[in-house]
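Undergrad: One structure coming up, written as structure tokens, with questions to follow.
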Amino acid sequence: MSDQPLCEVRSSSIHQRGLFATCDIEEGTDIIQYIGEKISKEESNRRALEWEDKARTTGEGLVYIFELDDDWDLDGRLGDNPARYMNHSCDGNCEAVNSEGENGDGEIWVVARKDIKKDEELVYDYGYDMEHFLDHPCLCGADSCIGYIVREDQRKKVKKLLKGLKKKAKKLSEQGM
């Protein structure tokens, strides 16, 4: 295998920039390591809340933090971390895998979930909880997309909730409210 990177950052129709395959990639391939600063859960929560407030006004990406274990997270926002440009998709061709590193520390690797063609955008399910789903609109365009970034096992609940809200809004509209 050559030393050429398997992916590169390019313009994306999903969200400004994204990560794209530079060659065909086979299912199961470790594509790129998600790197960053190892931080405590307390610091992770502080940063996430700070960025969320800023992102609401600027439209910037929200959070680039991955959970390593019960005590530590990985902040990939700063430095040379092209993996941070991966966008969410409700039908991802990759997944982020937490694995044991060589020195016993956890590592996050982006792994191909299926065969990927050269120039295809590399995307994965961010796995967001539905608690604040209205804050996270989804622009992935996948057939399975419900319009919000919500992890797969909660999408049916959100669809049902949205349907109920739509019915309620229609009823209020008909009543002239």
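The numbers here are math on the coordinates, done by the rules we state, and not lab data. The structure displayed is predicted, hence computed values, not measured ones. Note: ideal-geometry Cβ built from the backbone for every residue, glycine included; neighbour counts use all protein chains shown.
Undergrad: In the list Arg84, Arg46, Arg17, Arg10, which residue meets the criterion of being within 14 Å of the chain's Cα centre (by Cα) and surrounded by fewer than 20 Cβ atoms within 10 Å (Cβ to Cβ)?
TA: Matching residue, one of Arg84, Arg46, Arg17, Arg10: Arg17.
Undergrad: Is it true that some residue in the stretch 133-140 is touching a Ser or Thr at 6+ places or on another chain (Cβ under 8 Å), outside any loop (DSSP other than H, G, I, E, B), closer than 25 Å to Ser11 by Cα and not aromatic (Phe, Trp, Tyr)?
TA: Among the residues of the stretch 133-140, not one is touching a Ser or Thr at 6+ places or on another chain (Cβ under 8 Å), outside any loop (DSSP other than H, G, I, E, B), closer than 25 Å to Ser11 by Cα and not aromatic (Phe, Trp, Tyr), which makes the answer no.
Undergrad: Under 8 Å between Cβ atoms, at least 6 apart or on separate chains: pull out the pairs that start in the stretch 151-169 with a residue that is assigned to a helix (DSSP H, G or I) and end on any residue that is polar (S, T, N, Q).
TA: Between residues of the stretch 151-169 that are assigned to a helix (DSSP H, G or I) and residues that are polar (S, T, N, Q), the close pairs are Arg155/Ser144.
Undergrad: Mind checking which strands (runs of 3 or more DSSP E) fall wholly inside the stretch 1-52 and carry at least 1 residues that are in contact with an Asp or Glu (Cβ under 6 Å, 6 or more places away or on another chain) and under 14 Å from Asn93 (Cα atoms)?
TA: The qualifying strands (runs of 3 or more DSSP E) are 17-21.
Undergrad: Pick from the stretch 1-34 the residues that are β-branched (Val, Ile, Thr) and in contact with a helix residue (DSSP H, G or I) (Cβ under 7 Å, 6 or more places away or on another chain): which of them is nearest to Glu120 (Cα to Cα)?
TA: Applying the filter and picking the extreme gives Val9.
Undergrad: If the requirement is being closer than 27 Å to Asp30 by Cβ and either in contact with a helix residue (DSSP H, G or I) (Cβ under 9 Å, 6 or more places away or on another chain) or not hydrophobic (A, V, I, L, M, F, W, C) (or both), which of these qualifies: Gly106, Gly164, Gly176, Gly147?
TA: Gly106
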